[in-house]
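Structure first, commentary second.
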Amino acid sequence: MSVTSSVTRQDLADALGALREAPPLVQCLTNTVAAGWTANVLLALGAAPAMVDNPREAREFAAIAGGVLINLGTPYDETVRAMHLAVAGASRSGTPWVLDPVAAGALGWRTSVAHHLLREARPTIIRGNASEILAMAGGDGGRGVDSVHSPEAAVAVAKALANKQRSVIAVSGPTDHITDGSQVVRLSNGHLWLTRVTGVGCALGALMAAFAAVVPDAMIAAAAATATLTVAADAAARHSRGPGSFAVSLLDELSLLRPADLAERVSIS
Amino acid sequence: MSVTSSVTRQDLADALGALREAPPLVQCLTNTVAAGWTANVLLALGAAPAMVDNPREAREFAAIAGGVLINLGTPYDETVRAMHLAVAGASRSGTPWVLDPVAAGALGWRTSVAHHLLREARPTIIRGNASEILAMAGGDGGRGVDSVHSPEAAVAVAKALANKQRSVIAVSGPTDHITDGSQVVRLSNGHLWLTRVTGVGCALGALMAAFAAVVPDAMIAAAAATATLTVAADAAARHSRGPGSFAVSLLDELSLLRPADLAERVSIS
Amino acid sequence: MSVTSSVTRQDLADALGALREAPPLVQCLTNTVAAGWTANVLLALGAAPAMVDNPREAREFAAIAGGVLINLGTPYDETVRAMHLAVAGASRSGTPWVLDPVAAGALGWRTSVAHHLLREARPTIIRGNASEILAMAGGDGGRGVDSVHSPEAAVAVAKALANKQRSVIAVSGPTDHITDGSQVVRLSNGHLWLTRVTGVGCALGALMAAFAAVVPDAMIAAAAATATLTVAADAAARHSRGPGSFAVSLLDELSLLRPADLAERVSIS
């Protein structure tokens with residue numbers, strides 16, 4: 001028996017159409033490993049990246065940006081200060097923002113930074129793998145960017161976290177789960193090679209910030225970002241020999257993907 | 001009626017030949033997003049990149065380097081200190097340097113850093129989009145790396161800035177304009193995909209520093225860098241499916257481009 | 001007359017098999033230019049990268065990691081503090097670590113940092129070009145990442161350094177030399193394009209940390225990393241047009257390379 005999702009195929013196609021029509025400016029405070037790749041993913045899709053991650057400009061820019069990404073992949077004292085300021089700026093001006101607590105649970109400092117950010121303001125979306133979401137809910141974490149817990153096991157915890165934080169929670173894995181605390185959307189496109197290219201999860205967080213800038217419903221924004229990336233990945237995998245050519249094709253497919261194709265190819269429930 | 005440019009096709013071919021014959025060492029103080037890509041663009045063309053951007057080594061290295069790039073894409077306290085020191089080192093030793101004031105006008109701190117750098121020393125070349133050049137001349141800025149002003153509208157301002165700073169000013173756009181305050185060179189190769197790959201403008205600034213290291217005339221250096229990148233882009237676009245494969249092909253074409261091809265294919269006036 | 005190497009083809013194949021069977025977690029404290037590329041090289045081969053390079057988490061993580069890379073390409077005050085802490089953590093917990101003293105000899109501060117690190121603890125492997133190895137042994141250095149000394153000339157110095165530090169020394173060049181102070185292994189696969197892609201040497205250091213995590217013999221680890229990268233490069237060069245497509249193919253070939261192919265294709269003496 002199939003349960004009808006609260007997010008429809010047409011919602012996803014409309015979101016992609018909206019992004020292409022009014023390219024959002026996405027402020028990324030992200031890690032040094034994935035910064036270039038993240039910018040290229042945003043540009044390939046049609047969004048405008050701006051990596052403004054210093055404490056002197058981060059708050060000011062969060063009021064101009066359409067969406068903000070806070071990614072804890074490689075935190076430093078100066079960039080963490082910028083993150084607090086960007087979150088303050090986003091909150092004050094109503095800019096949607098996404099928290100990606102990379103390796104939360106596995107490392108002490110960044111876990112504490114992530115919890116502080118959650119206390120200061122309400123992220124529109126929290127994105128992570130199962131271990132990271134468990135860590136944000138107060139549980140045990142994983143080892144670095146790898147997830148040692150299954151996404152399915154994290155869904156109950158994610159729903160509780162969504163209700164507590166009043167945020168949409170997106171749990172990445174072979175099947176992606178997105179919840180606002182009551183509804184759960186499941187998306188199951190994608191390819192194993194997504195785990196063999198650095199920064200794919202980081203770029204997904206940036207895409208969520210991009211979609212949140214153009215669609216008011218955070219469930220749709222998170223689902224559209226996930227669907228766009230993974231449906232493009234399906235196409236990219238078909239003409240790739242390994243993770244190198246796959247990453248290149250993924251950028252091509254993101255730029256070629258049409259809203260109608262997205263609606264047709266997405267595996268949603 | 002066609003106006004003869006002060007920079008000839010043969011000047012551009014000679015500049016590329018000179019760079020290939022004596023690969024210059026280019027010190028880049030650039031942003032974390034474009035650093036890897038910029039190094040690959042320099043290497044593909046045949047130059048040697050060195051990203052020495054800490055305050056303890058930046059001045060010392062600017063005396064060894066053939067050219068220096070100062071790019072304000074992701075400024076931090078420590079790297080901005082290094083930029084001041086690198087500019088001091090370059091000035092003292094006569095090393096040509098390029099200022100790329102990314103997002104000047106759109107953000108307060110970096111605009112002020114860029115103006116300070118201009119007061120301390122005379123850059124060989126200032127490179128930016130129309131908004132950034134307007135901001136350096138004291139006018140209104142743009143939104144991040146996007147240009148909201150046409151390059152053409154910025155030419156008059158660029159000429160005035162060139163005369164005031166005694167620098168060559170390069171204004172990037174669909175048509176690139178390069179001026180020393182009296183002459184204006186117009187270059188119109190390139191492809192829309194250049195705007196869909198992060199750091200292309202940043203890499204162009206690095207190429208200008210590379211050419212300035214091997215040819216004494218800064219107009220020729222700025223024009224040769226622009227022509228090389230955009231002529232290679234024309235070739236790259238012909239066997240690409242999107243921005244991912246285009247970026248890869250651009251590196252290939254930069255390494256394959258021969259001086260004679262550059263002279264033949266460049267659209268200059 | 002051919003001298004039999006202390007490291008056999010089968011040793012290399014077994015090391016690659018071991019890495020694929022138990023993917024090691026590799027902590028990289030590396031430069032901002034090569035960080036993304038290094039992570040992709042590790043992922044392509046099957047290892048798990050974690051770029052934990054801040055002073056608040058570096059020591060803690062070095063106890064969890066299977067191997068640690070310390071690369072001095074773009075040192076900053078904060079990341080250099082993290083390097084000292086990571087080395088302390090690795091030493092205490094017995095985690096193998098690799099020192100890559102990029103541009104040692106050419107620049108004062110980083111040379112002094114590298115010498116300090118050597119006094120604090122014994123790296124499992126020191127990797128560099130001939131100039132960098134000479135600088136670590138107290139001699140004259142090179143210009144940036146370029147090597148101005150031949151690897152062959154550095155072998156005698158490398159043997160002395162290996163004996164003094166009780167580390168394995170790997171000298172990169174057209175022929176790669178690896179020594180523990182008595183034995184010298186020579187590897188001569190690879191392609192000129194390896195010098196036209198940024199961060200290849202940096203990624204090689206990371207691969208050495210990955211292999212050191214899975215094989216106890218540091219000579220085999222250093223040789224397996226070198227052989228894997230350069231044998232994959234041979235294959236990549238065959239279907240590439242230039243350095244752009246070569247870098248992409250190199251990632252593909254790293255993921256496709258089988259232990260038996262490595263044993264068959266490696267040129268070792």
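The values are calculated or read from the model by the stated rules, or taken from the named source; none is laboratory data. Note that this is a predicted model, so its numbers are computed, not measured. Don't worry about glycine lacking a Cβ; one is built from the backbone with ideal geometry, like all the others, and counts go over all protein chains shown. All accessible areas refer to the heavy atoms of the entire protein, side chains included, with ligands and DNA or RNA removed. Shrake-Rupley method; radii C 1.70, N 1.55, O 1.52, S 1.80 Å.
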From the square roots a ≥ b ≥ c of the eigenvalues of the alpha-carbon gyration tensor of region C:17-89, which class results: rounded (a/c under 1.5), prolate (a/b over b/c), or oblate?
oblate
Based on the Kirkwood radius over alpha-carbon pairs, what value in µm²/s does the Stokes-Einstein equation return for the translational diffusion coefficient of the protein assembly as shown at 10 °C and 1.306 mPa s?
60
Which order do you get for C:Thr226, B:Thr32 if you rank them by accessible area with a 1.4 Å probe, largest at the top?
B:Thr32, C:Thr226
State, to one decimal in nm and shortest first, how far the label point of A:Gly17 sits from each corresponding label point in the other identical copies (label point: 7 angstrom along Cα-to-Cβ).
5.7, 5.7
Would region A:9-265 count as rounded, prolate or oblate if I go by the C-alpha gyration tensor, calling it rounded below 1.5 in a/c and otherwise prolate when a/b exceeds b/c, oblate otherwise?
rounded
Take the alpha carbon gyration tensor of region C:125-269, find the square roots of its eigenvalues, order them as a ≥ b ≥ c, and report rounded if a/c is under 1.5; if not, report prolate when a/b exceeds b/c, else oblate.
oblate
If you restrict to DSSP beta bridges whose two residues both lie in chain A, what percentage is antiparallel, to the nearest 5?
30
Shielding of A:196-206 by partner chains, average beta-carbon count, 10 Å:
3
In deg cm²/dmol and to the nearest 500, what is the mean residue ellipticity at 222 nm of chain A if only DSSP H runs of at least 4 residues count, each as -39500 (n - 2.57), divided by the residue total?
-16500 deg cm²/dmol
Quick one: with label points 7 Å out along Cα→Cβ, list the inter-copy distances for A:Trp109 in nm, shortest first?
1.8, 1.8
Given H placed 1.01 Å from N in the peptide plane, which residues other than close sequence neighbours of C:Thr74 have an amide H under 5 Å from its amide H?
C:Asn31, C:Thr32
So, in nm and shortest first, the distances from B:Ala121 to its counterparts in the other copies, with label points 7 Å along Cα→Cβ, work out as 3.8, 3.8
The relative contact order of chain B, taking Cα pairs under 8 Å that sit 6 or more residues apart, comes to a percentage of 22
Could you go through region A:190-201 in sequence order and give the Karplus-derived ³J(HN,Hα) for each residue, using 6.51 cos²θ - 1.76 cosθ + 1.60 with θ = phi - 60°, rounded to whole Hz, and x for Gly and Pro?
x, 9, 3, 4, 4, 8, 10, 10, 5, x, 5, x
With each label point set 7 Å from Cα along the Cα-Cβ vector, what nm distance links B:Ser188 and B:Glu21?
3.3
B:Ser172, C:Ser91, reordered so the largest accessible area comes first (probe 1.4 Å):
C:Ser91, B:Ser172
Relative contact order (%) - region C:36-86, alpha-carbon pairs under 8 angstrom, separation at least six:
41
Using the Karplus curve 6.51 cos²θ - 1.76 cosθ + 1.60 with θ = phi - 60°, work out ³J(HN,Hα) for each residue of region A:221-226 in order, rounded to whole Hz, and write x for Gly and Pro.
4, 5, 5, 5, 4, 5
Under 5 Å from the placed amide H of B:Trp97, counting only residues 5+ away or on other chains, we find B:Val68, B:Thr124, B:Ile125
Please compute, for peptide C:237-245, the average count of beta-carbon atoms on other protein chains lying within 10 Å of each residue's beta-carbon.
6
Output wanted: per-residue J couplings in Hz (rounded whole) for region A:123-130, from phi through Karplus 6.51 cos²θ - 1.76 cosθ + 1.60, θ = phi - 60°, x for Gly and Pro.
x, 5, 9, 10, 10, x, 7, 4
Whole-Å distance, taken between Cα centres, linking region B:207-269 and region A:190-269
31
